[in-house]
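Asks: Take a look at the following structure, please.
The values are calculated or read from the model by the stated rules, or taken from the named source; none is laboratory data. Worth saying up front: this structure is predicted, and the values here are computed from it rather than measured. As a convention, Cβ positions derive from the backbone with ideal geometry for all residues, glycine included, and neighbour counts pool all protein chains shown. Note: areas computed on protein heavy atoms with side chains; ligands, DNA, RNA excluded. Shrake-Rupley method; radii C 1.70, N 1.55, O 1.52, S 1.80 Å.
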Amino acid sequence: MKVKTILVSQPEPKVENSPYFELQEKKRVKVDFVPFIHVEGVSGKEVRHQKIDLNKYTAIILTSRNAVDNFFRIADEMRFKVPDSLKYFCQSEAVAYYLQKYVVYRKRKIYVGKRTFTEMSTILKKYKTEKFLLPSSDVLKPEVPSVLNDLKLTWDRGIFYRTVVSDLSHLKNVTYDVLVFFSPSGIKSLFENFPDFKQNDTRIAVFGNSTVKAVEDAGLKVDIMAPTPETPSMTMALEKYIDDVNSKK
C-alpha cells in the first residue's frame with residue numbers, strides 16, 4: 001500500500017528547514033506531529049528527598065535539552081548559584097548548543113560527545129576525579145549507568161523530570177499509513193491510550209534498538225528502521241520506504 005499520511009510521535013519542529021517538511025513537499029505526503037509523551041518537571045522538594053546537594057558536584061552530564069532546562073530550573077528553585085567552574089559534559093552538539101540559553105559558552109568548560117552516550121566514554125574517562133551529577137528523567141537508557149559504572153566514576157543520578165503519557169483521545173478515529181516512534185515510552189503511550197490497537201495495514205517506523213524491542217514485545221511489526229548505515233536518519237529511512245512502495249503499481 002502506498003504511503004500518503006505519516007504521524008510522527010514528537011512535537012512539530014520549530015525550524016523551517018526541517019527534513020520532515022522537505023520530505024512532505026518532495027514526496028507529496030502529509031506529515032502530522034503529535035507528541036505521544038511529554039515531560040513534567042519535579043519540584044525542588046522532590047530533588048532534595050533524593051539527597052541531591054548541588055553544592056557537592058564539580059561536573060554535570062547533560063543528555064538532552066530537557067536535562068538542561070530542568071537542571072537550571074531546579075538550580076533556580078533551590079537558589080543555587082551555578083559556579084563558573086562547573087564542567088558540562090554534553091552528549092551531542094545539539095545539547096551543547098542549547099546550553100547557550102543559560103551560560104556564556106566561551107567562558108565555561110564544555111565537553112561534547114558525538115551522538116550516543118557510549119561514545120562519551122572516551123571524554124569522561126579523562127576526568128575520573130570529578131564528582132558528576134546526571135539530571136535525568138524517571139526513564140533512563142540502560143547504557144547510561146552501565147557506561148558510568150564501567151568507568152568507575154563518582155556520580156549520582158537525580159530525577160529532575162518525568163516522562164508522562166499524553167492524552168491522545170483526539171486521534172481515536174484517525175488512521176495513518178505510517179506511525180513513527182523514537183522511544184519505548186511512545187509505544188507505552190500508544191497502548192495506554194488505545195489498549196485495543198491493531199496494526200493491520202499501518203506501517204510502523206522506529207528509531208533505535210530499544211524502540212524496536214518495545215514494538216516487537218507489544219506484538220507489532222517493524223516496517224521501517226533507523227539508524228542504519230544506509231539510512232542514518234528517520235527522514236532518510238522514510239524517504240527510502242516511500243520510494244519503494246509508492247513506485248509500485
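Asks: Once you place label points 7 Å from the Cα toward the Cβ at T118 and V103, how far apart are they in nm?
Replies: Label-label distance for T118 and V103, simple model: 2.8 nm.
Asks: Calculated FRET efficiency, V82 and D243, Cβ-Cβ r, R0 41 Å, to nearest 0.05? Kindly include the intermediate steps, with their values, before the conclusion.
Replies: On the way: r = 48 Å, r/R0 = 1.18.
The value I calculate is 0.30.
Asks: Using θ = phi - 60° and the Karplus relation 6.51 cos²θ - 1.76 cosθ + 1.60, list the HN-Hα couplings for the stretch 222-227 in order, rounded to whole Hz, with x at every Gly or Pro.
Replies: Computed from phi, the couplings for the stretch 222-227 are 8, 9, 9, 10, 9, x Hz.
Asks: Can you compute the helix-only [θ] at 222 nm over the chain? Use -39500 (n - 2.57) per DSSP H run of at least 4 residues, normalise by all residues, nearest 500 deg cm²/dmol.
Replies: My calculation for the chain gives -8500 deg cm²/dmol from helical runs alone.
Asks: How many angstrom separate the Cα center of the stretch 25-80 from the Cα center of the stretch 176-234?
Replies: Computed from Cα coordinates, the inter-centre distance equals 24 Å.
Asks: Where the accessible area of the stretch 121-249 is counted over protein heavy atoms with a 1.4 Å probe, how much of it, in %, is carbon and sulfur?
Replies: 51 percent
Asks: A follow-up question, please. Search the structure for amide H atoms under 5 Å from the amide H of K4, placed 1.01 Å from N in the peptide plane, and list their residues when 5 or more places away or on another chain.
Replies: D177
Asks: Taking 35 Å as R0, compute the FRET efficiency from the Cβ-Cβ separation of T129 and H38 and round it to 0.05.
Replies: 0.40
Asks: Please list, or write none, the lysines whose alpha carbon is within less than 23 Å of the alpha carbon of K152, excluding same-chain residues fewer than 8 places away.
Replies: Straight-distance partners of K152: K51, K56, K87, K109, K114, K125, K126, K128, K131, K141.
Asks: HN-Hα J couplings of the stretch 163-172 from phi, Karplus 6.51/-1.76/1.60, θ = phi - 60°, integer Hz, Gly and Pro as x?
Replies: Here the 3J(HN,Hα) series is 8, 10, 5, 7, 7, 10, 4, 6, 9, 3 Hz.
Asks: If a/c stays under 1.5 just call it rounded; otherwise compare a/b with b/c (prolate if a/b is bigger, oblate if not). Do that for the chain, with a ≥ b ≥ c from the square roots of the Cα gyration tensor eigenvalues.
Replies: The shape class here is prolate.
Asks: Could I have the simple spin-label model distance between D217 and F191, label points 7 Å from Cα toward Cβ, reported in nm to one decimal?
Replies: So the label points at D217 and F191 sit 0.8 nm apart.
Asks: Taking the highest mean first, how do the peptides 177-186, 221-230 order by number of other beta carbon atoms within 10 angstrom per residue?
Replies: For the peptides 177-186, 221-230, the packing ranking is 177-186, 221-230.
Asks: Here's a follow-up. Near K26, which lysines are there with a Cα under 20 Å away, not counting those fewer than 8 places off in the same chain?
Replies: Excluding near neighbours in sequence, the set is K2, K4, K14, K240, K248, K249.
Asks: I would also like to ask the following. So, in nm, how far is label D201 from label E230 when the simple model puts each one 7 Å beyond its Cα toward the Cβ?
Replies: Calculated label separation equals 2.5 nm.
Asks: Follow-up question, since we're still on this one. Ranked highest first by the average count of other Cβ atoms within 10 Å around their residues, in what order do 157-166, 12-21 fall?
Replies: Per-residue Cβ counts within 10 Å, averaged per peptide and sorted highest first, yield 157-166, 12-21.
Asks: Oh, and also: Using the Cα centre of the chain as origin and beta-carbon charges of +1 (Lys, Arg) and -1 (Asp, Glu), tell me which of P11, T175, Q199 is placed farthest towards the positive end of the dipole.
Replies: P11
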